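Data first, discussion second: the structure below is written as structure tokens.
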């Protein structure tokens, strides 16, 4: 009996990855470390190199330089071992519209050489898991966009991959279908599957990714959790509203900031951290100044994306090192 493949603490390890087409450099020495059982999201504008990274890691194309390990194997030297442990759902659906949902899944089971009985069982499990059982015997061409995407994702899971690549999986879906796929991705990660997600929907990465890397012009511009990336971008502030103009004046003398006389609002720069908020409130208390309302406004991933991508050094200076 063949022993199961050894599990590694790191699903993907990349150092100095480079790829060029002629004189055009697509990837310029990127480094990535993705722990097993996590959701990792790669963000970047069109042409940044996201799909090229996925193609290299999934053995579809070779790299020009760099050290690469996927599930402990080098894609260039041991591509079969990599393919045996991964699943891929690309930007464009691989569903055959002439086949039923059930037939699409059984076709994938045959490609994975699961055997007739195992393939039928796996297909049934996935149809139920992705809420497609009622449409199992309908042609996939009759499915809605959300149903086709769920079927496409289910097809990528037939072989029970340890690492799943999702290349912009929710492109073109309505908000309800998109949120449904987010929930499926969360469940997959909770069950131990590592998910490598590329997306242009920043809310998507914010909601489901454990770590995010921003790729711009072939290089990693920043990496961290969503909150860590947001803290790197200036523009966060605390918004204080007061009941009277004299209290606004007093608070402005103590805290500085930007005033809105009509709204009786004072905006004070800050990252919204507990220490900073405590210090701000202590200073108000010391002067017996009472605010009617306090809210914290922090940069979102849109701000991160705009600060770090596509406009050169001028906008990158908006991000704190």
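The values are calculated or read from the model by the stated rules, or taken from the named source; none is laboratory data. Please read all numbers here as calculations on a predicted model, not as lab measurements. Neighbour counts are summed over all protein chains in view; Cβ atoms, including those assigned to glycine, are modelled from backbone coordinates with ideal geometry.
Just a few scattered comments:
- Look at (1) surrounded by 15 or more Cβ atoms within 10 Å (Cβ to Cβ); (2) assigned by TED's automatic domain parsing to the domain that holds residue 23; (3) closer than 19 Å to residue 164 by Cβ and you find that residue 49 fails only one, number (3).
- Any hit, segment 194-209, residues being closer than 19 Å to residue 126 by Cα, over 11 Å from the mean Cα position of the chain (by Cα) and either in contact (Cβ under 8 Å) with a residue 24 or more places away in the chain or crowded, with 21+ Cβ neighbours inside 10 Å (or both): yes
- Yes/no for residue 63 being at pLDDT 95 or above, part of a loop (DSSP other than H, G, I, E, B) and crowded, with 19+ Cβ neighbours inside 10 Å: yes
- Just so you know, in segment 66-80 the residues that are in a loop (DSSP other than H, G, I, E, B) and touching a residue at least 60 places away in the same chain (Cβ under 8 Å) include one that is nearest to residue 198 (Cα to Cα), and it is 71.
- Output for segment 222-253, where each listed residue is assigned to a strand (DSSP E or B) and buried (at least 21 other Cβ atoms within 10 Å of the Cβ): 222, 233, 238, 240
- The lone criterion from (1) closer than 17 Å to residue 247 by Cα; (2) surrounded by 13 or more Cβ atoms within 10 Å (Cβ to Cβ); (3) in contact with a strand residue (DSSP E or B) (Cβ under 6 Å, 6 or more places away or on another chain) left unmet by residue 292 is number (2).
- Qualifying residue in segment 36-45 (condition: buried (at least 22 other Cβ atoms within 10 Å of the Cβ), closer than 28 Å to residue 200 by Cβ, modelled with pLDDT under 90 and within 19 Å of the chain's Cα centre (by Cα)): yes
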